[in-house]
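Chemist: Just dropping this structure here.
Laboratory data are not the source of any read-out in this text; all were calculated from the coordinates shown. Nothing here was measured: the structure is a model prediction, and the numbers come from that model. Positions of Cβ are generated from backbone atoms using ideal geometry, with glycine treated the same way; all protein chains shown enter the neighbour counts.
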Amino acid sequence: MSKRLFVSVGLDGLAEAVATVQEPFVDASGLNHVDPEQAHVTLQFLGETEPHRVDELVEELHAAVADSGVGPFTVSFEGLGVFPSLDYITVVWLGVDAGSEQLTRLHDAIEDRTTAMGFEPSDHEFTPHVTLARMNHAGDKELVQELVRERDPTAGTRRVEEIRLTESVHTDAGPLYSTIASVPLS
């Protein structure tokens with residue numbers, strides 16, 4: 001049975017800060033909030049993957065880290081944004097300030113390696129971010145727009161020393177993420 005996989009950077013230790021950033025959005029109709037304990041930066045979405053490909057994928061992730069030239073670094077999480085635009089919101093996100101360049105270099109190297117394996121490249125420009133909520137309907141779109149325009153929250157910093165191959169399993173309570181493999185930054 002195939003696994004739904006993506007490559008990520010975890011926000012270990014920042015769940016409380018992420019929940020604080022989400023707090024003003026709690027009563028907004030139409031938003032489905034991400035569990036702060038599962039908050040992460042997605043570097044590359046891979047989708048449905050056959051289990052026999054996982055070992056090769058992990059090898060390619062090690063090679064991608066080497067290709068990127070990125071060693072351990074610190075990321076700061078701050079600011080708000082939306083995809084695709086304030087007029088049509090599907091995702092509300094927390095931005096990345098310091099560490100954005102390293103995350104982009106990792107994404108580029110990972111995408112080069114995974115597309116060579118036959119995985120689909122991203123269909124949009126990479127923007128390092130942490131998804132806070134998904135908008136299911138535009139019930140409180142004006143409130144969400146106002147909060148995004150007027151607020152500039154910070155959620156702290158995190159030292160990034162690894163990337164993770166992560167599995168997403170859909171449950172009735174929402175997606176559940178688990179780490180399949182960790183690849184250290186050297």
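Chemist: Note down the relative contact order for the chain as a percent, whole number, built from C-alpha pairs under 8 angstrom at least six residues apart.
Modeler: Numbers: 362 pairs, mean separation 62.7, N = 186.
Taking the mean separation of contacting Cα pairs over the length of the chain, I get 34 percent.
Chemist: While we're looking at this one, here's another question. Put +1 on the Cβ of each Lys and Arg and -1 on the Cβ of each Asp and Glu in region 3-184; which of Leu5, Ile180, Val148 then has its Cα farthest toward the positive end of the dipole?
Modeler: The residue sitting most towards the positive pole is Ile180.
Chemist: Now for a different question. Of all the C-alpha pairs in region 3-184, what % are more than 31 Å from each other? Could you put the intermediate results ahead of the total?
Modeler: Values: 2491 of 16471 pairs.
More than 31 Å apart: 15 percent of the Cα pairs in region 3-184.
Chemist: Would you compute, for the Cα atoms of region 105-186, the largest minus smallest coordinate along each principal axis and list the three values in descending order, in whole Å?
Modeler: On the principal axes, region 105-186 reaches 42, 31, 25 Å in Cα extent.
Chemist: Another one. For Glu150 and Met1, what is the calculated FRET efficiency with R₀ set at 30 Å and r taken between the beta-carbons, to the nearest 0.05? Working shown, then result.
Modeler: Details: r = 46 Å, r/R0 = 1.53.
Efficiency, from the Cβ-Cβ distance: 0.05.
Chemist: I've got another one for you. What dipole magnitude, in Debye to the nearest 20, does the chain give about its Cα centre under +1 on Lys/Arg Cβ and -1 on Asp/Glu Cβ?
Modeler: For the chain, the charge dipole is close to 120 debye.
Chemist: Please compute P(r) over all alpha-carbon pairs of region 33-98, binned at 10 Å starting from zero, and give each bin as a whole-number percent.
Modeler: For region 33-98, the pair-distance distribution reads 14, 35, 33, 18, 0.
Chemist: Find which of Val58, Leu106, His137 sits farthest along the positive direction of the dipole of the chain, computed with +1 on the beta-carbon of Lys and Arg, -1 on that of Asp and Glu, about the Cα centre.
Modeler: Most positive-ward Cα: Val58.
Chemist: Could you compute the net charge surrounding Val26? Neighbours are other residues with a C-beta less than 14 Å from the C-beta of Val26; K and R count +1, D and E count -1. Provide the component values of the computation, followed by the final result.
Modeler: Working: positive: Arg151; negative: Glu23, Asp27, Asp35, Asp140.
That sum, taken over residues with Cβ under 14 Å, equals -3.
Chemist: Assign unit charges at the C-beta atoms only (+1 for Lys and Arg, -1 for Asp and Glu), then state the dipole size of region 40-122 relative to its Cα centre in Debye, rounded to the nearest 20.
Modeler: Rounded to the nearest 20 debye, it is 200 debye.
Chemist: If I take R0 = 25 Å and measure r between the Cβ atoms of Ala98 and Ala138 in this structure, what FRET efficiency does the formula 1/(1 + (r/R0)^6) give, to the nearest 0.05? The partial results should precede the final answer.
Modeler: On the way: r = 33 Å, r/R0 = 1.34.
Efficiency for this residue pair is about 0.15.
Chemist: For labels at Phe45 and Ala116 in the simple 7 Å Cα→Cβ model, what's the distance in nm?
Modeler: 2.5
Chemist: 7 Å from Cα along Cα→Cβ at both Arg105 and Ser76: what's the point-to-point distance in nm?
Modeler: Label at Arg105, label at Ser76, 1.9 nm between them.
Chemist: Still on this structure, please answer the following. Work out how much length His170 to Thr127 would gain on full extension: take 0.36 nm times their residue separation and subtract the Cα-Cα distance, in nm to one decimal.
Modeler: Gain on extension, His170 to Thr127, equals 13.0 nm.
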